[in-house]
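To start, the structure under review is shown below, and the notes come after it.
The values are calculated or read from the model by the stated rules, or taken from the named source; none is laboratory data. Every value quoted in this text rests on a predicted model; they were computed, and no experiment measured them. FYI the Cβ positions are ideal-geometry reconstructions off the backbone, even for glycines, and counts take in every protein chain you see.
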C-alpha cells in the first residue's frame, strides 16, 4: 500500500518530468503512476525566454536548487529539496534536466528519488526516467472512509521510464514502463487485522504500454498558446513480475489561450480508467487539495480551469477551480462521487531565460480537504 505522502513526494518528481501516473499505490496508484499528475508541469523544460524578457536576461547558472513543501491536515507536512543540472543539448531541443530530490515528513517518513528528462536530436527524441525509494509511516484517522483508525509502515522501491519519438509535426509515438515493489506492515496486531480485512497488503507491479502524444505548446513550463494531448495505457502483468494482472488507460488534454497581453487561460480534462485492478491500484482524485489515494474507484474524470496572471518578468498569480468524478463499483462505498476544488497561488520566476518558476498555492476541497504547496512549476 503506497501512502498519500509517498505519492505526494514521488508525484512531485513526476510533475517535474511531466510523466503520466504510473506506479500501484494506495494513493494514486504509485505503481500506476510511478503511473497524475501527469500529472503535470515540467517546470524545467521550457524553451528560450520570450523576446519581451529583454537583454538583461543573461544565461543563468546550469544548476538549480528548489525547496519543496506541502501541508495538508490529512497527511501532515513534508519538506525537502530538489537539486538539478540543466542543459540544452542542441538549439532545436528542449531544455534537459537531471537531478535528485529528497523529502521528509512530519510522520518521520522519507522519500528519495533520482530523475532525468532529456530532449535531443533536434527534439526528435524525448526520454524520461525516475527511480524512487523510501520508508513511509502513516497514521490514518479514517482509513478509506471505513471509520477505522490505522497506522502503517511502508517500504517503497520504484522505477519508471518513457521514450518518445517525433513522427511528424507535433506528434510523438513511444512506449513506457514501470515497476514497483513495496511492503506494508501494521504498527500493531489491530492494524494488521484492519489491513487483512480490507485486503490491503504489500504490492508489487510491473507494466508496459504505448504512448501517443501531441504537443504544440510554445514551451513546456510556462506555455501561452498551443495544446497538449497524452493518451497511454499500461498493461500490468504477473508475467512481468507483478502480483496482479490488470490494465490502466489514461487520456490527458490541456489547452492554453493567451489573452489580455501576457495572461493565459489554461484548461485541462483528465481521464483515468482501470480494468480488473485490485482496489489498491484503482483510479483516484488527482485535484489539488485532496490526499491522493483517499478516494478510490475504477474510473475517474476531471475538468479544471486555471487563470494565469502575469505581473511582469518575475511575478505571477493563479486562480483555479475544478471538479473530479469517481465512478464504477468500489471496494468501500463512497459517501459522494463528485469532488470540487478551488484555489489560488503566487509564482516567482526563478530563471526567466529557461521559464523556471517557484509556485506557492492554496487549494480547498470539500469537508476538511485542503492543502498548501510550495513546489517547482505550475500545478499542471
>> Restricting to segment 307-323, name every residue that is outside any strand (DSSP E or B) and either surrounded by 15 or more Cβ atoms within 10 Å (Cβ to Cβ) or out of contact with any helix residue (DSSP H, G or I) (no Cβ under 8 Å at 6 or more places or on another chain) (or both).
In response: 311, 312, 313
>> Residues to consider are 326, 292, 346, 287; find the one that is buried (at least 20 other Cβ atoms within 10 Å of the Cβ) and in a strand (DSSP E or B).
In response: 326
> Does any residue in segment 54-69 that is at negative phi and in a strand (DSSP E or B) come within less than 6 Å, Cβ to Cβ, of a residue that is loosely packed, with under 15 Cβ neighbours inside 10 Å and at pLDDT 70 or above six or more places away or on a different chain, and which pairs are these?
Replying inline: 65/83; 67/81
> In segment 267-282, which residues are within 18 Å of the chain's Cα centre (by Cα) and buried (at least 21 other Cβ atoms within 10 Å of the Cβ)?
Replying inline: 268, 270, 272, 274, 280, 281, 282
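Being part of a strand (DSSP E or B) and over 30 Å from residue 317 (Cα atoms) is the filter here; which residues of segment 263-282 pass it?
Within segment 263-282, 273, 274, 275 qualify.
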> Which number in (1) within 23 Å of the chain's Cα centre (by Cα); (2) modelled with pLDDT of 95 or more marks the one condition that residue 181 misses?
Replying inline: (2)
> Among (1) part of a strand (DSSP E or B); (2) modelled with pLDDT of 85 or more; (3) under 27 Å from residue 208 (Cα atoms), where does residue 94 come up short?
Replying inline: (1)
> Among the numbered criteria (1) in a strand (DSSP E or B); (2) within 15 Å of residue 62 (Cβ to Cβ), which single criterion is violated by residue 129?
Replying inline: (2)
> Scanning segment 200-229 for residues that are surrounded by fewer than 16 Cβ atoms within 10 Å (Cβ to Cβ) and modelled with pLDDT of 90 or more, which turns out nearest to residue 331 (Cα to Cα)?
Replying inline: 208
>> With the requirement that a residue be assigned to a loop (DSSP other than H, G, I, E, B) and surrounded by fewer than 17 Cβ atoms within 10 Å (Cβ to Cβ), what does segment 349-380 give you?
In response: 366, 367, 368
